[in-house]
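Here's the structure we're looking at; comments come further down.
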Amino acid sequence: MSTLIVDDVRLDIPEWVTDLASFRRWTNTPEFPEQGSTWWLNGKVWVDMSKEQIYTHNRVRTRITSVLDLLVVGDSGLVLSDGALLTNEQAGISGNPDLIYVSQGAIDSGRVELVEGKSDGFTEVVGSPEMVLEVVSDSSVEKDTETLRDAYFAAGIDEYWLVDARSEPLGFDLLKRGATGFVATRKSGGWLKSAVFGKSFRLT
């Protein structure tokens with residue numbers, strides 16, 4: 001058992017968590033931490049136990065989630081806020097994005113599979129959802145802007161929305177797939193066009 005102390009919070013990582021498969025098994029145990037953010041990234045456990053800021057993180061994610069949820073009508077897809085586990089074996093990642101969007105078509109085609117936990121119903125999204133969102137915090141800058149940018153591209157995700165509301169002007173990048181990596185969508189009058197949702201968005 002390996003033990004980390006982060007901001008006075010103790011986190012015990014079992015010695016048997018050595019790869020993506022064992023990390024996924026750990027997430028289905030009572031010992032998996034409910035507090036903070038725990039990922040499998042770059043072949044190891046990545047942990048952030050810092051407290052989430054209300055105005056620059058939580059409220060931003062909530063507002064974006066509520067807007068997108070209104071756009072996804074009926075059985076066209078699912079908008080999943082923080083808490084749903086995303087796993088992609090090709091990219092070697094598993095963790096909780098701030099938001100996931102997966103269409104019903106992606107589920108029907110097998111591009112994405114919803115996996116049941118041991119006792120809690122469906123808890124995991126496995127595969128390549130169309131869109132993910134990350135809201136940058138002081139403790140997650142490198143993870144969100146570099147590590148996950150590369151990992152989400154390797155995972156076959158179509159759009160990566162990256163928001164930084166820690167200072168003015170607010171940062172909002174809608175990253176779409178290019179030939180070798182994500183490229184930023186150009187703004188038109190302050191608006192960003194999403195091919196996934198067929199709408200234009202801006203953050204104020």
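The values are calculated or read from the model by the stated rules, or taken from the named source; none is laboratory data. Note that the structure is a prediction, hence the values are computed from the model and not measured. Cβ atoms come from the backbone with ideal geometry, glycine included; neighbour counts cover every protein chain shown. The protein model used for the area step is the full one, side chains on, heavy atoms only, and it has no ligands, DNA or RNA in it. Shrake-Rupley method; radii C 1.70, N 1.55, O 1.52, S 1.80 Å.
In whole Hz, what ³J(HN,Hα) sequence does the range 39-48 give by Karplus (6.51, -1.76, 1.60; θ = phi - 60°), x for Gly and Pro?
So the J values, rounded to whole Hz, are 10, 9, 9, 6, x, 7, 7, 10, 10, 9.
Taking a cut-off of 24 Å between Cα atoms, list the lysines near LYS199, but don't count ones fewer than 8 places away on the same chain.
Reachable lysines: LYS176, LYS187.
Could you state the orientation-averaged shadow area of the convex hull built on the Cα atoms of the range 1-112, in nm² to one decimal?
8.2 nm²
Under a point-charge model restricted to the Cβ atoms of Lys and Arg (+1) and Asp and Glu (-1), what is the dipole moment magnitude of the range 28-83 relative to its Cα centre, in debye to the nearest 20?
240 debye
Hey, can you grab everything whose amide H is under 5 Å from the amide H of LYS199? Only 5+ residues off in sequence or another chain; H modelled, so Pro and N-termini drop out.
SER194
Evaluate the Kirkwood expression for the hydrodynamic radius of the chain, namely the inverse of the mean inverse distance over all pairs of different C-alpha atoms, and round to one decimal in Å.
About 17.6 Å for the chain.
For a distance above 17 Å, tell me the whole-number percent of Cα pairs in the range 31-97 that qualify.
Counting every Cα pair in the range 31-97, those more than 17 Å apart make up 55 percent.
Distance between Cα centroids, the range 24-58 to the range 127-204: provide it in whole Å.
One Cα centre to the other: 21 Å.
I'd like the carbon and sulfur percentage of the solvent accessible area for the chain, probe radius 1.4 Å, heavy atoms only, ligands and nucleic acids excluded.
The computed percentage sits at 47.
LYS44: which lysines have alpha carbons under 25 Å from its alpha carbon, excluding same-chain residues fewer than 8 sequence positions away?
Partners found: LYS118, LYS143.
Taking 30 Å as R0, compute the FRET efficiency from the Cβ-Cβ separation of THR180 and LYS44 and round it to 0.05.
Computed FRET efficiency for THR180 and LYS44 comes out at 0.75.
Using only Cα positions of the range 95-204, each an equal point scatterer, no hydration layer, compute I(q)/I(0) via Debye at q = 0.12, 0.14, 0.15 Å⁻¹ and quote the log10 values to two decimals.
Taking Cα atoms of the range 95-204 as identical point scatterers yields -0.45, -0.61, -0.69.
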